[in-house]
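Student: Encoded as structure tokens, here's the structure I'll be asking about.
Any read-out appearing in this document is the output of simple, stated calculations on the displayed coordinates, not a laboratory observation. The shown structure was predicted, so the numbers you read here are calculated from the model rather than taken from an experiment. In this analysis, Cβ positions are derived from the backbone assuming ideal geometry, glycine residues included, and neighbour counts consider all displayed protein chains.
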Amino acid sequence: MFDLVVKGGRVVDGTGAPWFWADIGIKGGVIAKVTRHLDSDNIIDASGLVVSPGWIDVHMHADHTVLGNTRIESYVHQGVTTATMGNCGLSMYPLQKHKEDLVAYLKPFTSGLKLKWDWADMDGFIKRIEEAGPGINLVPFIGHGSIRINVMGFEDRDAEPRELEEMKTMLREALGQGAYGMSTGLGYPPGTFTKDHELVELGRVLNEYGGLYSTHMRGNPENLQDTIALGFKAGMPVQVSHLGSSCGGHPELHGRHRETTLKAIDEARGRGLDITADIYPYTAGSSLLSQVIPDWAHEGGVQKMLGRLRDPKVRDRLRGEYAAAAGKKGRDFAKVMVTYVKSARNKNLEGMSVAEIAGKRGVDIVDALCDLLIEEDAEAMNVTFWGQQEDVDAIVAHSAVMPCSDGWGHAPYGPLGQGRPHPRCYGAFPRYLRTYAVEKHLFTLEEAIRRMTSMPACRFGLHDRGVIREGMAADLTVFDPENVRDTATFSEPHSYPEGISHVIVNGRPAIRDGEHTSELAGKVLRKR
Ligand SMILES: [Zn+2]
């Protein structure tokens, strides 16, 4: 007898093969049978619906908020059953030396949650998650930025040989504890303080362990070529994170991703580099508000930066740099929207651009920005409208690219219901299906599902997931292909998608008839 049967749905099995009719019998958290006419006392009626493997998000930031709400609701409601953590160089671990620096830097990502920060390494953090029971499966990475801050704080210089050895030891430790690889955040400190030789040395450690190099690249137009060179030097497989935005949405590349970045990926693959990429299906990105402040002002960490922003001479220097960037069609503060601030008194600014805030306060943009960061102790987030739809379309369509969200775990209540986070936190996956498969026909439904399931599972080494087949883990997403759609917008982001009926994690329904069941059946999947 099965624990649960999903009955009467069109099965899109994750391989890209055409859909077929089948019932799915689940026992002990595993897909036990895929055939017609199965029965059980516990049936999910999937007639009129598509049954697919649970969706896998290869790039998101659940680790920043998971200890505040382990259901990770904004993800499970969008059909995601497995996601990576520790991305963009900024994992919540290790917390050893320079702990204060790292905690201050990570805090704005945590939506004002009161966390204990009482773990020392990845293993300790994972145990905290396991004690609570996560709502979805999590795949750990370790962040290069977090390693570097642990070893040398926010110092803008090369690592000394002794420090580099310490970083390698920390990386080895995390890989030994089951990390799938190392992520980087090279577009902001301390990634911007890092030279390539440091990354090559760490990459060689990754290579020893079969780890993946998952990279938020530098924000210049050459960044992909640099990444490719790095991949060849270290001999490591490369995953380019949120391709498009991590080219800085660089104005030189606007409208040209097909003949620049995508061509470079094809050529590198042709020359034997194991390189793939992911993208979130929007033309706007999101990060710390402090990331619009240039690198030189971050040296020494958050408090040092805030101290500098008080200095009128520093503000004059910022004015000069922003004006020069604007001449090259760089930073436009009408496109930088403040989405979260810590303090109650500034909550009315959430949803306004930095340019609008300056207008409202009757000061110039630099004063508005610096004052706000100081008032908020840097605990503020932004959404930046960087991109061109034609580039997003070209990148989404490319055969080496899979979808991601790059979002945070939210829920429409409590601390995680605050602010106006990027709508990708609630809608990236339904949007990928709706906009790019159903409406734009960039690929078939089966191909879209493949890129959301077996493609990431193979890429990240999740060999018992991503396909509906007997013996695989029973992660399933059951949805209505006619009506699946994202509803979260930049002005009203805290809104679940439509058309996702049932979401099963390790054999247990987390979403049943569109409602959360309170099941917490996820696991932290350590690499073995
Ligand atoms: Zn990133």
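Student: Which of the listed residues, Gly14, Ser52, Thr35, is farthest toward the dipole's positive end in segment 1-108, when Lys, Arg count +1 and Asp, Glu count -1 at the beta-carbon?
Tutor: Among Gly14, Ser52, Thr35, the one farthest towards the positive end of the dipole of segment 1-108 is Gly14.
Student: Now a separate question. Percent relative contact order of segment 177-318, based on C-alpha pairs within less than 8 angstrom and at least six residues apart?
Tutor: On the way: 168 pairs, mean separation 30.1, N = 142.
RCO, segment 177-318: 21 percent.
Student: First measure r as the distance between the Cβ atoms of Arg271 and Val363, then evaluate 1/(1 + (r/R0)^6) with R0 = 56 Å and state the FRET efficiency to the nearest 0.05. Intermediate results must be reported in sequence, preceding the final value.
Tutor: Values: r = 52 Å, r/R0 = 0.93.
Computed FRET efficiency for Arg271 and Val363 comes out at 0.60.
Student: Given segment 299-410 reduced to its alpha-carbon atoms as identical point scatterers, what log10 I(q)/I(0) does the Debye formula return at q = 0.16 Å⁻¹?
Tutor: At q = 0.16 Å⁻¹ the computed log10 ratios are -0.87.
Student: Related question: Thinking of segment 324-390 as a set of Cα atoms, what percent of all their pairs are more than 15 Å apart? Kindly include the intermediate steps, with their values, before the conclusion.
Tutor: On the way: 1166 of 2211 pairs.
Distances greater than 15 Å cover 53 percent of the Cα pairs.
Student: A further question follows. Report, ordered by chain and residue number, the lysines lying within cross-link reach of Lys313, taken as a straight Cα distance under 21 Å and ignoring same-chain residues fewer than 8 apart.
Tutor: Those lysines meeting the cut-off are Lys304.
Student: On to the next question. Each label point is 7 Å from the Cα along the Cα-to-Cβ direction; what then is the distance between the points at Val438 and Lys328, in nm?
Tutor: Those two pseudo-labels are separated by 4.2 nm.
Student: Now a separate question. Jot down the per residue volume, in cubic angstrom and as a whole number, of the convex hull over the alpha-carbon atoms of segment 113-204. Walk me through the intermediate numbers first.
Tutor: Numbers: hull volume 10.9 nm³, N = 92.
Each residue corresponds to 118 Å³ of Cα convex hull volume.
Student: Could I ask something else about it? Considering amide H positions built from the backbone, and no H for Pro or chain starts, which residues 5 or more places from Met85, or on another chain, come under 5 Å of its amide H?
Tutor: Close amide H contacts, sequence-distant or interchain: Val139, Phe141.
Student: Here is a further query. At q = 0.15, 0.17, 0.18 Å⁻¹, what log₁₀ I(q)/I(0) does a Debye calculation on the Cα points of segment 434-523 give, no solvent, two decimals?
Tutor: -0.71, -0.90, -0.99
Student: On alpha-carbon atoms, Rg over Rh for segment 199-354 using Kirkwood Rh? Walk me through the numbers before you get to the answer.
Tutor: On the way: Rg = 18.5 Å, Rh = 18.0 Å.
That ratio is 1.03, to two decimals.
Student: Using Cα atoms only, what is the angle between the long axis of helix 122-132 and the major principal axis of the chain, expressed in degrees (0 to 90) to the nearest 10?
Tutor: 50
Student: Further, regarding this structure: Determine, for each peptide in 272-282, 509-519, 93-103, the mean count of other beta carbons within 10 angstrom over its residues, then list the peptides with the highest first.
Tutor: Working: 272-282: 22.7, 509-519: 16.8, 93-103: 19.7.
Per-residue Cβ counts within 10 Å, averaged per peptide and sorted highest first, yield 272-282, 93-103, 509-519.
Student: A follow-up question, please. What ranking do Lys127, Lys342 get, fewest neighbouring Cβ atoms within 10 angstrom at the top? Provide the component values of the computation, followed by the final result.
Tutor: Values: Lys127 13, Lys342 19.
If I rank by nearby Cβ atoms, fewest first, I get Lys127, Lys342.
Student: Projected onto the charge dipole of the chain (+1 at Lys/Arg Cβ, -1 at Asp/Glu Cβ, origin at the Cα centre), which of Ala324, Ile142, Leu102 gives the Cα projection farthest towards the positive end?
Tutor: Ala324
Student: If you place +1 on the Cβ of every Lys and Arg, -1 on the Cβ of every Asp and Glu, and leave all else neutral, what size is the dipole of segment 107-166 about its Cα centre, to the nearest 20 Debye?
Tutor: 440
Student: On to the next question. Would you tally the net charge around Gly407, using a Cβ to Cβ cut-off of less than 10 Å, leaving Gly407 out, and scoring K and R as +1, D and E as -1? Walk me through the numbers before you get to the answer.
Tutor: On the way: positive: Arg424; negative: Asp57, Asp406.
Residues near Gly407 contribute -1 overall.
Student: What is the Rg over Rh value, at two decimals, for segment 1-141, using alpha-carbon atoms and the Kirkwood definition of Rh? Please list the in-between numbers first.
Tutor: Numbers: Rg = 19.1 Å, Rh = 17.3 Å.
Ratio of gyration radius to Kirkwood radius for segment 1-141: 1.10.
Student: Could you calculate the contour length gain from Asn346 to Glu173, that is, 0.36 nm times the residue separation minus the distance between their Cα atoms, to one decimal place in nm?
Tutor: Values: separation 173, 0.36 × 173 = 62.28 nm, distance 4.17 nm.
Gain on extension, Asn346 to Glu173, equals 58.1 nm.
Student: Run lengths n ≥ 4 of DSSP H only: what is the helix-derived mean residue ellipticity at 222 nm for the chain, with -39500 (n - 2.57) per run over all residues, to the nearest 500? Please report the intermediate quantities before stating the final value.
Tutor: Values: 16 runs with 157 residues, N = 528.
My calculation for the chain gives -8500 deg cm²/dmol from helical runs alone.
Student: Next question, about the same structure. Work out the length of the dipole vector of segment 344-393 about its Cα centre, built from +1 on the beta-carbon of each Lys and Arg and -1 on the beta-carbon of each Asp and Glu, and round it to the nearest 20 debye. Working shown, then result.
Tutor: Details: 4 positive and 12 negative charges, 67 e Å.
Its charge dipole is roughly 320 debye.
Student: Against the longest alpha carbon principal axis of the chain, how many degrees, from 0 to 90 and to the nearest 10, is the axis of helix 312-327 turned?
Tutor: Value to nearest ten degrees: 60.
Student: Strictly greater than 11 Å: what percent of every Cα pair in segment 284-324 meets that? Display every interim value, and only then the final one.
Tutor: Working: 548 of 820 pairs.
Taking all Cα-Cα pairs of segment 284-324, the fraction more than 11 Å apart is 67 percent.
Student: Here's something else I'd like to know. Relative to the longest principal axis of the chain, what angle (0 to 90°, nearest 10) does the C-alpha long axis of helix 365-375 take?
Tutor: 70
Student: Under a straight-distance cross-link criterion of Cα-Cα below 27 Å, which lysines are reachable from Lys27, leaving out those fewer than 8 residues away in the same chain?
Tutor: Lys7, Lys127, Lys523, Lys527
Student: Quick check: net charge around Val484, other residues with Cβ under 12 Å of its Cβ, Lys/Arg +1 and Asp/Glu -1?
Tutor: On the way: positive: Arg431, Arg434, Arg485; negative: Glu439, Asp480, Glu482, Asp486, Glu498.
After counting each charged neighbour, the total is -2.
Student: Can you work out D for segment 362-487 in µm² s⁻¹ from Stokes-Einstein, where Rh is the Kirkwood radius over C-alpha pairs, the temperature is 37 °C and the viscosity is 0.692 mPa s?
Tutor: Working: Rh = 17.6 Å.
Answer from the Stokes-Einstein relation: 187 µm²/s.
Student: What per residue convex hull volume, in Å³, comes out for the chain when only alpha-carbon positions are used?
Tutor: Working: hull volume 68.2 nm³, N = 528.
Roughly 129 Å³ of hull volume per residue.
Student: Then there is this: State to the nearest 20 debye the size of the charge dipole of the chain about its Cα centre, where the only charges are +1 on K and R beta carbons and -1 on D and E beta carbons.
Tutor: Values: 60 positive and 69 negative charges, 34 e Å.
About 160 debye.
Student: Whole angstrom only: what separates the Cα centroid of segment 435-508 from the Cα centroid of segment 200-276?
Tutor: With segment 435-508 and segment 200-276 each reduced to a Cα centre, they are spaced 26 Å.
Student: Leaving out same-chain residues fewer than 8 places away, which lysines sit with a Cα under 28 Å from that of Lys263?
Tutor: Hits, sequence-local ones excluded: Lys195, Lys233, Lys328, Lys329, Lys440.
Student: Given H placed 1.01 Å from N in the peptide plane, which residues other than close sequence neighbours of Lys33 have an amide H under 5 Å from its amide H?
Tutor: Gly25
Student: Now a separate question. Could you bin all the Cα-Cα distances of segment 171-250 into 5 Å bins starting at 0 and give me the percent of pairs in each, rounded to whole numbers?
Tutor: Calculated P(r), rounded to whole percents: 3, 16, 28, 26, 17, 7, 2, 0.
Student: Okay, moving on. Remind me, relative contact order of the chain in percent, using alpha carbon pairs under 8 angstrom and six or more residues apart? Let's see the in-between values first.
Tutor: Working: 1243 pairs, mean separation 118.0, N = 528.
With pairs under 8 Å counted, the relative contact order is 22 percent.
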